[in-house]
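Note sheet for the following structure.
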Amino acid sequence: MSPLFFSTIEVTRQAFYRSSLSYAIVNLKPIVPGHVLVIPLRSVPRLADLNDSELSSLMLSVRRVGAVIERVYGADSLTIACQDGKAAGQSVPHVHFHLLPRKFKGDRFAGQNDQVYPALEESERSLPVELQAAQQVSEPLKVDAPEDRQPRSTEEMEDEARWLRRFFEQEQV
């Protein structure tokens, strides 16, 4: 299986889902449990740069991954977000969607749903520093790194990816 790259950083070990034109990875510092990214295989900065097949695959993957994430994390719904370009807060020039399982009770943002967006924006702002650090030590990309949370280890991310991968393998049976 070929390696997966988010921009220039290899994220193969964080991946738990792969289609012909897109994939999904777990986060280093999830904003809520189950916060993942869905990414097209081809590294392009904007949604408009994707061809129709890539866009279709990406959106079908968002739907499929979202359904599984919502179910396995016991969520009531999802927040799905994409910062499409630098002015929108995108700090890695590779299209990606954030999927966050959300709950009416027990959710960090319950009762204040719009507060998830500043948290996402802060996460994106810290990515360039995380990218530089990941490149220097040749580790998987460290994504979504608000200052108030400690990064998970590579092993923790691999464990979560392995656990999530099972749910997609079960669907194919």
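The phi-based Karplus calculation (6.51 cos²θ - 1.76 cosθ + 1.60; θ = phi - 60°) puts the 3J(HN,Hα) values of segment 58-65 at 4, 5, 5, 5, 4, 5, 5, 4 Hz, whole numbers, x for Gly and Pro.
Sorting V116, V95 by the number of Cβ atoms found within 10 Å of their own Cβ, with the fewest placed first, yields V116, V95. Would you mind getting me the FRET efficiency between E122 and S2? Use the beta-carbon distance for r and R0 = 35 Å, nearest 0.05. So, using R0 = 35 Å, E works out to roughly 0.60. Taking amide H atoms as placed 1.01 Å from N in the peptide plane, the amide H of V32 has no partner under 5 Å among residues 5 or more positions away or on other chains. Cβ crowding within 10 Å, taken as a proxy for footprinting-reagent exposure, orders E122, E155, E160 from fewest neighbours to most as E155, E122, E160.
The HN-Hα couplings worked out from phi for segment 43-48 by the Karplus form 6.51 cos²θ - 1.76 cosθ + 1.60 (θ = phi - 60°) are 7, 10, x, 10, 4, 5 Hz, whole numbers, x standing for Gly and Pro.
Listed from fewest to most Cβ neighbours within 10 Å, the set M59, M157 follows the order M59, M157.
All of the numbers you see were taken from the coordinates with simple rules; none came from a lab. A quick note: this is a predicted structure, and the numbers were derived from the prediction, not measured. Here the Cβ is made from the backbone with ideal geometry for all residues, glycine too, and neighbour counts use every protein chain on show.
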